[in-house]
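Inspection log for the structure reproduced underneath, given as structure tokens.
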Amino acid sequence: MDALIQRAHGCARAVICVHLHFLLKGGYKVVNKPTRRTDDIIGKDLWNIQLDDNGQLKHFLTIEGLGTNILNQILDTAESFAGVNESVKKVPLLRGKTIVNLFFEASTRTRTTFELAAKRLSADVLNMNISASATSKGETLLDTLRNLEAMQTDMFVVRHADSGTAHFIANHVAPHIRVLNAGDGRHAHPTQAMLDMFTIRRNKGADFGKLRVAIVGDIMHSRVARSQIHALNTLNTGEVRVVGPKTLIPKDIESMGVNVFHNLTDGIKDADVVIMLRLQKERMQGALLPSEQEYFQLYGLTEERFALAKPDAIVMHPGPINRGVEIESSVADGDRSVILDQVTYGIAVRMAVMSMTLGGNVGSNEAANHQETK
Ligand code: CP
């Protein structure tokens, strides 16, 4: 029996690795700031299982391959929910639906805002405690899924250390179940990227073509950076820059449609938006940095350096932040920091994605019309 379990587990990992290879191989091939409508890609990206036959969002696994229309639909729907969040606490759009949070990796912001989003849509939410689940007794991922499916669940929100896990799960669940990627390895974190786009749009307006956005830090290991780059280019951002040491920037990153800077002062000069990233030490193999102190000296965002960006520039960070490593406290807590707004907007954006995938095509009026009392 043990051998069977081991083999099934190994098989699942092998499939994930194949997905990972495929996804990451494709990950650097989207270039030249494409403006894509969903119509252009239905039936062409066969691996892109996140759209249904009508081009509507079915799962949300990656930004890559989605058109400008879908990204704007997410942002517009989130806008209506942001209003709802401010005036009322709940809408009944997903009443009767059961959503399972499957977090195999640590999370503060993503897990809690997914939970709040589901509750504000009136869904029932189950937070799996993975360390106390049968996974720790050797149950395979697929067996865990089958058992959760047997409880009439409707959606899995998945975070996993292995790239490709959310795709793997979406490929193996029952047809009515929806899967949202809450971060897989270093591959993608699509809802984070969309709440970041929402934050930019709220602060800088909807015309991304006018904006220069600098993403600073550990691009190499960052699923957030990868998803942000795809989202920014799909929304036709004027210039997307990545800034960091050579050891933390993938060699062929230009093919994603970004400009590369290894010097922070050049990289953030005249930027409208500066996005700081954490050093993803848990994903680093070997010594890629001399020390955190030296990293801060070269790449830490201080007030003096931030003054090189445009006077009305905003600073963002997906969190968790490491004060004194990638960012100085006075910048993180300063007037132009929107770091906590990002967290707040995460609820509305996750409500938007949940309702679009599970509740059908929810427009802003529909969201507003479904308001309940506090
Ligand atoms: N930004 C982000 O994914 O944070 P958590 O790891 O706390 O979810």
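The values are calculated or read from the model by the stated rules, or taken from the named source; none is laboratory data. Please read all numbers here as calculations on a predicted model, not as lab measurements. We place every Cβ from the backbone using ideal geometry, glycine too, and count neighbours over all the protein chains shown. Quick note on the areas: whole protein, heavy atoms, side chains included, nothing else; ligands and nucleic acids left out. Shrake-Rupley method; radii C 1.70, N 1.55, O 1.52, S 1.80 Å.
Just a few scattered comments:
- Taken over the range 185-220, the residue count meeting the criterion of being within 16 Å of the chain's Cα centre (by Cα), closer than 26 Å to ASN72 by Cβ and more than 16 Å from the ligand (Cβ to nearest atom) is 0.
- Taking the range 259-281 as the range and being within 22 Å of ARG223 (Cβ to Cβ) and of a type in the set (Lys, Arg) as the test, the residues that pass are ARG278, LYS281.
- Yes/no for ASP207 being among the charged types (D, E, K, R), on the phi < 0 side of the Ramachandran plot and surrounded by 24 or more Cβ atoms within 10 Å (Cβ to Cβ): no
- None of GLU79, GLU64, GLU105 is in a loop (DSSP other than H, G, I, E, B), assigned by TED's automatic domain parsing to the domain that holds ASN127, open to solvent by 30 Å² or more (accessible area, probe 1.4 Å) and not β-branched (Val, Ile, Thr) except GLU105.
- Against the test of being of a type in the set (D, E, K, R), within 21 Å of the chain's Cα centre (by Cα) and open to solvent by 50 Å² or more (accessible area, probe 1.4 Å), the options GLU294, GLU282 yield a single qualifying residue, GLU282.
- Here VAL88 passes the criteria (1) more than 23 Å from the chain's Cα centre (by Cα); (2) within 16 Å of the ligand (Cβ to nearest atom) except the one numbered (2).
- Residue list for the range 216-245, restricted to those being touching a Ser or Thr at 6+ places or on another chain (Cβ under 9 Å), on the phi > 0 side of the Ramachandran plot and open to solvent by less than 10 Å² (accessible area, probe 1.4 Å): none
- Residues in the range 126-156 that are surrounded by fewer than 17 Cβ atoms within 10 Å (Cβ to Cβ), touching a residue at least 40 places away in the same chain (Cβ under 8 Å) and assigned to a strand (DSSP E or B): 0 in all.
- Unique residue being open to solvent by less than 10 Å² (accessible area, probe 1.4 Å), outside any strand (DSSP E or B) and within 16 Å of the ligand (Cβ to nearest atom) when the list is ALA118, ALA182: ALA118
- Every condition in (1) open to solvent by less than 40 Å² (accessible area, probe 1.4 Å); (2) within 16 Å of the ligand (Cβ to nearest atom) is met by THR112 except one, and the failing one is (1).
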